[in-house]
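Undergrad: Have a look at this one before I ask anything.
The values are calculated or read from the model by the stated rules, or taken from the named source; none is laboratory data. Since the structure is predicted, the reported quantities are computational estimates derived from the model, not experimental observations. Please note: Cβ atoms are built from the backbone with ideal geometry, for glycine as well, and neighbour counts cover all protein chains shown.
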Amino acid sequence: MEVPYIKLLVGVIALLPGGLLVAYLAIVFQRALWLRWDRGNLEWARAAMLDVATGEALSTSNKRRLSALSPSVQARLFNEFAAIFAGPQSEILRVLAEDIGLTQHLKQRCKSWFWWRRLVAVRTLTLLSTGLGSVEPLLDDRNSQVRYQAIEWAGGTGSEAIASTLIDRLYHGDPFCRYALEDSLTRMGKVASTPLKARLEEKHEDDQALVAMLEVAVRIAGPEYEQIARSLVSHRSPEVRDLCAELLARLGGDDAANTLIEMLDDESSRVASSAARSLGRLKHWPASTRLADLLDDPRWTVRNEAALALANVGAPGILMLQQKARTDDAGGSVSKFALDILANRPGVSAAA
Amino acid sequence: MIEVPEQWRQILTTIEYVSIIYVLAVNSFYILLFIAAGSQIWRHSLLARREQLWRALGSSFTPTVSILAPAHNEEATVTESVRSLLSLSYPNLQVIIINDGSTDATLATLQAEFDLAPVHPAFWEQIQTKPVGNLYQSLAHTNLIVIDKENGGKADALNAGLNVATGKLVCAIDADTIIEPDALQRLVRPFMTNSDVVAAGGTIRVVNESSVRHGRVQNVRVPRNPLAGFQLIEYLRAFLFGRLGWNSLGGNLIISGAFGLFRRDAVIRVGGYSEDSVGEDMELIASLRRSAYRSGRPGRVEFIPDPVAWTEVPVALEILGNQRDRWHRGLADVLWRYRGLMFNPRYRSLGMIAYPYFVLVELISPVVEVVGFVIAIAGISLGVIDAEVGLWFLLAAYVYGLAVSLLAILLDEIAYRRYSSVKDRLWLVVWAVAENFGYRQLTVYWRLRGLVRYFRRSKVGWGAMKRKGFST
């Protein structure tokens, strides 16, 4: 290779770090200057917002100054404050956002062609608990992140129609948004309960859709789900049976406890463990003898959950654990473990 | 001038051209990595704007995370590290410290600081490990468990932690790592949004000379110690440039052992960490990904740039050399174990892009650098290679290396701005320029030594890392 070509190559390559260095220094110094310029504005706006949130009226001139700030600075401020205020203070912030035109601006942004603008707009509208009429179309957004955020927003709306939409989405599967769907429906609580029950009562081909809906039902745990849970305890999927055990534990009552005792014989270790854990959570002491039998179960998870459940049940369970702990077999080992865990609980005086 | 036979002249010229083509190919791939990393950073920084992480704190769907922190003679830093772990903003958290046969006061320090009570060691030994002596639970923080076991190495300690852990996800860290309070909330995101993710890693940053108070990094500084400064640049390059770029180009093959989150069932299914590998973190990822391709189960590995963990890097040449030597031996070992992946279309991007890159660039680059340098010197001395061309080429290679470092610094400045003072940012540039004069050559030597030791099958253990403790 000829020297001039190499020199040219080096020269071209050298331009790269030179350019980068200039860009880096420009950004560093621009940020330092911007920070100094911006700090004053932000400090004033924060103080004004704090006064408003604590009940003081905002003067017309201050309102005008707040309106004059760029929408991104406004959004930043409202994000800061909306995240820490609740109740009447949130309402004040929402009204202020309307007054200075921020809400309108964000609603417009929900229609933006750029996904990141739609995303930031929904995030701020979620914090301000507003945006009805503008955010709903974003539940079907082509960008999964925007869709995810719109679902989070929906969790705060309290609308049964939106709850039904979310349940449909959960039923038909949106793998990216499953967590947001489940979380939002749980936050909606009673509003989501009726449409969820109707969906659960249908026949299901897809076990995963059923699992997703049961996970929400477990968190809402309304008495309307008891019949559904008991009808699904013999479902083909261990995951479904496991969730039914958990749901029954949350609902409580003698019928639920008796069903759980029957589930201790389930062939799946996952379901048997879940049933044992659920009985412990219910502190259902009549199940102690059945749980004590499971201390000799060949499956480790079942033995361990049975021991922990006995520790939760109270005096009869602890007595059985103490008896078993005298042996050196596998059941004795999990019994000692459960008694030690119980003894270490705050407020428990050396139960073992 | 010695008369060189035409045949030798031809050989030397061919090697020179091969070296030039190799350097150009590698650097072109770096440009591709930069483009991929840049688009990822841009996307991540847009996603992070006005993000409401606190929502996950109140959700009953947030998965339980068990943090596994192996500790071997870590008495200087273990208290601060455990405090940092206990103060993480995460709702369902279990912290498991595995005292891997420490000969110093690691266990005594933990007992004194965290009020440990013994618990009968009953757990399902799904992965076989060296015997566990005792299990302790903290009375002050009931989610803190300490496992006291015989020394078996880091992988064995992590496997013991996997047996005891109850979380759906496990976070493997080094005991001297300080995790930022919201880092777990950020790192858990891919598991909540994508059901096929089995592992995710965050960024590791250098904590040397920054102050740590109550388990949190407070005053972030660029170290003035040259060795720490050079490593800071290396970490920026590796995490913001390399691993982020790999997210788009075939997926990552490395999640740092100092801070990674995994699905516990997936890790147990592949048999946990390999005890006979020095590169156990890379081995685990390779194993998870290969197993996913073979079984059709989920196997996505993600690198997320914004969850940050801080680590103290060695500032003694000998310790640093041993560390790099061990890393390279680990790399060689894992690549040899998984040689069946090389250019195997069954493993798609892993077999066709990621694995070949690690062999052809990461593994053999110290050899190519040394051979290229020796040939250049020989060629110039014998008059086969034009001295001026050789020098210009060397200069081009260094200038290009500098450009890569500056790009990493620039990405960090645009997206994360961790260093607030202008002085600190200028120090970053100083270290990026200075590392080319001596430090890079040293790392080539250490990596080459690691390779030689690997081929000679030399046995070297964890390697002692003398820690100073964090400055407060």
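Undergrad: For the range B:185-217, which residues satisfy the criterion of being surrounded by fewer than 17 Cβ atoms within 10 Å (Cβ to Cβ), among the polar types (S, T, N, Q) and modelled with pLDDT under 85?
TA: B:Ser195
Undergrad: I want to confirm something. Restricting to the range A:280-323 and keeping residues that are farther than 21 Å from A:Val240 by Cβ, among the hydrophobic types (A, V, I, L, M, F, W, C) and within 14 Å of another protein chain (Cβ to nearest Cβ), which single residue is surrounded by the fewest Cβ atoms within 10 Å (Cβ to Cβ)?
TA: This residue is A:Trp300.
Undergrad: Using beta carbons and a limit of 6 Å, which pairs, at least six apart or on different chains, have the first residue in the range A:75-99 and away from every other protein chain (no Cβ under 14 Å) and farther than 15 Å from A:Val122 by Cα and the second one aromatic (Phe, Trp, Tyr) and assigned to a helix (DSSP H, G or I)?
TA: A:Leu93/A:Phe81
Undergrad: If we keep just the residues of the range A:328-344 that are more than 7 Å from every other protein chain (Cβ to nearest Cβ) and part of a loop (DSSP other than H, G, I, E, B), which is modelled with the lowest pLDDT?
TA: A:Asp328
Undergrad: Let me ask you something else. Please identify the pairs in which a residue from the range A:311-324 that is part of a helix (DSSP H, G or I) has its Cβ atom under 7 Å from the Cβ atom of a residue that is surrounded by 15 or more Cβ atoms within 10 Å (Cβ to Cβ) and among the aromatic types (Phe, Trp, Tyr), counting only partners at least 6 apart or on another chain.
TA: If the second residue must be surrounded by 15 or more Cβ atoms within 10 Å (Cβ to Cβ) and among the aromatic types (Phe, Trp, Tyr), the pairs left are A:Val313/A:Trp285; A:Pro316/A:Trp285; A:Gly317/A:Trp285.
Undergrad: Also, quick follow-up: Which helices (runs of 4 or more DSSP H) does the range B:356-461 wholly contain that include 2 or more residues that are surrounded by 15 or more Cβ atoms within 10 Å (Cβ to Cβ) and within 9 Å of chain A (Cβ to nearest Cβ)?
TA: Where helices (runs of 4 or more DSSP H) fall fully within the range B:356-461 and carry at least 2 residues being surrounded by 15 or more Cβ atoms within 10 Å (Cβ to Cβ) and within 9 Å of chain A (Cβ to nearest Cβ), they are B:387-415, B:422-434.
Undergrad: Of the residues that make up the range B:173-181, is at least one surrounded by 22 or more Cβ atoms within 10 Å (Cβ to Cβ) and within 14 Å of chain A (Cβ to nearest Cβ)?
TA: So far as the range B:173-181 goes, no, none of its residues is surrounded by 22 or more Cβ atoms within 10 Å (Cβ to Cβ) and within 14 Å of chain A (Cβ to nearest Cβ).
Table: residues versus (1) in a strand (DSSP E or B); (2) closer than 26 Å to B:Arg55 by Cβ.
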{"residue": "B:Leu110", "(1), (2)": "no, no"}
{"residue": "B:Glu113", "(1), (2)": "no, no"}
{"residue": "B:Asp148", "(1), (2)": "yes, no"}
{"residue": "B:Leu158", "(1), (2)": "no, no"}
{"residue": "B:Leu184", "(1), (2)": "no, yes"}
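Undergrad: Another question, then. Kindly list the number of the only condition in (1) under 23 Å from A:Pro223 (Cα atoms); (2) more than 13 Å from chain B (Cβ to nearest Cβ) that fails for A:Arg277.
TA: Here A:Arg277 clears every test but (2).
Undergrad: Still on this structure, please answer the following. Specify which of the listed residues (A:Ser231, A:Ser164, A:Ser184) is polar (S, T, N, Q) and surrounded by fewer than 16 Cβ atoms within 10 Å (Cβ to Cβ).
TA: Residue meeting the stated conditions: A:Ser231.
Undergrad: Let me ask something else. Could you say whether any residue in the range A:105-112 is in a helix (DSSP H, G or I) and within 13 Å of chain B (Cβ to nearest Cβ)?
TA: yes
Undergrad: Residues in the range A:338-350: is at least one without any contact (Cβ under 8 Å) to a residue 12 or more places away in the chain, surrounded by 18 or more Cβ atoms within 10 Å (Cβ to Cβ) and in contact with a strand residue (DSSP E or B) (Cβ under 6 Å, 6 or more places away or on another chain)?
TA: For the range A:338-350, residues without any contact (Cβ under 8 Å) to a residue 12 or more places away in the chain, surrounded by 18 or more Cβ atoms within 10 Å (Cβ to Cβ) and in contact with a strand residue (DSSP E or B) (Cβ under 6 Å, 6 or more places away or on another chain): present.
Undergrad: Look through the range B:122-155, keep the residues that are away from chain A (no Cβ under 12 Å) and more than 17 Å from B:Tyr273 (Cβ to Cβ), and return whichever of them is surrounded by the fewest Cβ atoms within 10 Å (Cβ to Cβ).
TA: B:Pro131
Undergrad: Quick one: would you say B:Phe343 is at pLDDT 90 or above and not in a helix (DSSP H, G or I)?
TA: For B:Phe343, the condition - at pLDDT 90 or above and not in a helix (DSSP H, G or I) - is met.
Residue-by-condition table, conditions (1) without any contact (Cβ under 8 Å) to a residue 60 or more places away in the chain; (2) farther than 30 Å from B:Leu47 by Cβ; (3) not hydroxyl-bearing (Ser, Thr, Tyr):
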{"residue": "B:Glu362", "(1), (2), (3)": "yes, no, yes"}
{"residue": "B:Ala376", "(1), (2), (3)": "no, yes, yes"}
{"residue": "B:Leu382", "(1), (2), (3)": "no, yes, yes"}
{"residue": "B:Leu395", "(1), (2), (3)": "yes, yes, yes"}
{"residue": "B:Ala403", "(1), (2), (3)": "yes, no, yes"}
{"residue": "B:Ile409", "(1), (2), (3)": "no, no, yes"}
{"residue": "B:Ala415", "(1), (2), (3)": "no, no, yes"}
{"residue": "B:Val429", "(1), (2), (3)": "yes, no, yes"}
{"residue": "B:Val452", "(1), (2), (3)": "yes, yes, yes"}
